[in-house]
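Quick notes on the structure that follows.
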Amino acid sequence: MKSYAKRYPLAGRRWRQGDGWSVLLLAIVGSVAASAFGACPPTVADGANLVRDGLQLAWRPVIGGSPIAATAIPMARHFAIEVQVCSGATPSGATLAGLDATMPEHRHGMNYRPRIVALGDGRFRAEGMMFHMSGRWQLEFEVQSAKGSSRLFDDVRVR
Amino acid sequence: MTFGFAERIARLVFLGAGLALLSGGPAAAVPIEFTDEEIARIASHGPWPPDWRGDPGNRASGNPAAIWLGQSLFFDARLSANGRVSCAACHRPRSGFQDGRLTARGLARGTRNTPGLLNVRHQRWFGWDGGHDSLWSASLRPILDPREMGGSAARGARLLKSSPSLACHYREAFGKPPSADDPDFLPNLAKAIAAWQETLVSPPTPFDRFREALADKDAAAAASYPQAARRGLRHFLGRGQCATCHAGPLFSNGEFGDIGVPFFVRPAGVDPGRQGGIKRLLSSPYNLLGAYNDDATRGNAVGTRHLRPEHRNFGEFKVPTLRNLTLTAPYMHNGSLASLRDVVRHYSELDEDRLHSDGERILKPLMLSAGEIDDLVAFLETLSPPAPPQPPLPPPGALPCPARR
């Protein structure tokens, strides 16, 4: 039996590129939807802010193209996460290589595998997230930069 | 912290219990108060029925001709190989569209309990293993399965062509005559049957009225909700942690879990549950990633596109809705538990050795007292309507088709 950590490696290794047209379409739609999102450095409007290894990562959940508060993520419903990675006042040039979520107390993760689309200027969108149970979920972001790989964590409580 | 309204309700219930004593009724119980947090969590199980805007993957969704056709086909045994098994043979309207048997019995005996169909339009995955991602594809499988109805495109086309009314409604719904050679024919039959099943919505229950009374701060209306059900509701939300999975208006998160119900199948074999369901779904030409999904944006295929098969899926089965349970005994994927009391006892005496080694970690035996079991059963019973709902009538006969079948 694989260990819990091995069963939940970062989603980046499982990241599947979509076909060209769907990625292009998503990028266009994402660019429009995210037009108010993503200036560096991130602000409160960009969602929760995480800092590590000189990187600043902001994330916010999105449903139907509209951002919602992290505390308002509904249970058992698909949503997306928009991510901005900054290095000071400029986009960092780093890549969001993975995003996954687990329930540490339950010892399992999501039933769905998010797909990450790069939107440009250090912005990313992860599609296909779902928190299917109430309780504490731990988000794990893997960011690849010139300095190497960084992992940033944040907690969300779903009611 | 208690809520002022809850206190008023508690006083009312206490008064009611006192009156019951005076009149020789049941003994007074400790009044039940709900905290602000509990009231918010109770509110999350409604409103009923939830908003619903049709199935974008089914062009026949909401179409009166398709609903009429679907209802006719649902009750028509001529779709089956021996002409004696209709959808309704297992999905009986008076039983919440269930059959009361441990496992289904079509042309052969099945290995799983027949799921009820009330409120089926609100589901994300269909079948105990979620082997289907649309109601219409789930409706096609039993028609073709040799163990259930053993039908075929040719048999279906013959049936429709033999009936001017059925053929006419098919043309009205899909814009072309029925033909076994048309690759859309079988999916269209299933889409019509699904369109009818979408109309099967159960009425509000005593719980829904209590929930609304809490929301409206109507103490008088709330007072009619039984004390035992209130205590059971508190166990459901609190110690039992039932709402962790049995969430929302349907009392289900629509996903899958292993709760220690054996997955062995007689005479020999195992039911892989969700693991097999994912394989079946992804290999099906009728899944939402395929050509028969009528949603050109594929926006309804997010779940299928992002599925993550896991080792723990083996032996997982769908978290069922808790609505209308009084109509749909026996329970669990194999029908192994005869009554709601047996279901609550299952969780009370949960055998952790049966749980998947890398499955859910919060499942523990609840060790409930006899009174707590009674209370949980009383609560679950309030999630069903007092009387079985009548099947909806077919759309009015304003269609340009003959009404005779």
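The values are calculated or read from the model by the stated rules, or taken from the named source; none is laboratory data. It should be emphasised that the depicted structure is a prediction, and the values quoted were computed from it without experimental measurement. Backbone-built Cβ (ideal geometry, glycine too); neighbour counts: all protein chains shown.
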It is to be established whether one or more residues within segment B:169-186 are without any contact (Cβ under 8 Å) to a residue 12 or more places away in the chain, over 25 Å from residue B:285 (Cα atoms) and surrounded by fewer than 22 Cβ atoms within 10 Å (Cβ to Cβ).
no
Report, by residue number, each residue of segment B:355-375 that is surrounded by fewer than 14 Cβ atoms within 10 Å (Cβ to Cβ) and either at pLDDT 95 or above or more than 14 Å from chain A (Cβ to nearest Cβ) (or both).
B:365, B:367, B:369, B:370, B:371
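Mind checking which residues of segment B:38-69 are in a loop (DSSP other than H, G, I, E, B) and among the charged types (D, E, K, R)?
Looking only at segment B:38-69, we keep the residues that are in a loop (DSSP other than H, G, I, E, B), and these are B:44-63.
B:51, B:53, B:55, B:59, listed by residue number.
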Just checking, does segment B:198-219 include any residue being under 30 Å from residue B:364 (Cβ atoms), modelled with pLDDT under 95 and among the β-branched types (Val, Ile, Thr)?
no
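Of the residues in segment B:303-324, how many are more than 8 Å from chain A (Cβ to nearest Cβ) and part of a helix (DSSP H, G or I)?
2
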For segment B:370-384, pairs from a residue that is free of Cβ contacts under 8 Å to residues at least 60 places away in the same chain to a residue that is surrounded by fewer than 20 Cβ atoms within 10 Å (Cβ to Cβ) and among the polar types (S, T, N, Q), with Cβ under 7 Å and 6 or more apart or across chains, are B:373/B:348
Where residues in segment B:221-245 are hydrophobic (A, V, I, L, M, F, W, C) and under 17 Å from residue B:209 (Cα atoms), which of them is farthest from the other protein chains (Cβ to nearest Cβ)?
B:223
With respect to residue B:127, is the statement that it is within 30 Å of residue B:307 (Cα to Cα) and at pLDDT below 95 true?
no
How many of the residues in segment B:241-275 are surrounded by fewer than 18 Cβ atoms within 10 Å (Cβ to Cβ) and outside any loop (DSSP other than H, G, I, E, B)?
2
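Restricting to segment B:95-141, count the residues that are part of a helix (DSSP H, G or I) and crowded, with 22+ Cβ neighbours inside 10 Å.
Narrowing segment B:95-141 to residues part of a helix (DSSP H, G or I): B:95, B:120-122, B:135-141.
Right, trim to crowded, with 22+ Cβ neighbours inside 10 Å and you get B:135-140.
The number of residues fulfilling the criteria is 6.
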Checked against (1) within 20 Å of the chain's Cα centre (by Cα); (2) surrounded by 20 or more Cβ atoms within 10 Å (Cβ to Cβ), residue B:92 satisfies every condition except (2)
Of the conditions (1) touching a strand residue (DSSP E or B) at 6+ places or on another chain (Cβ under 9 Å); (2) away from chain A (no Cβ under 14 Å); (3) crowded, with 16+ Cβ neighbours inside 10 Å, the single one that residue B:278 does not satisfy is (2)
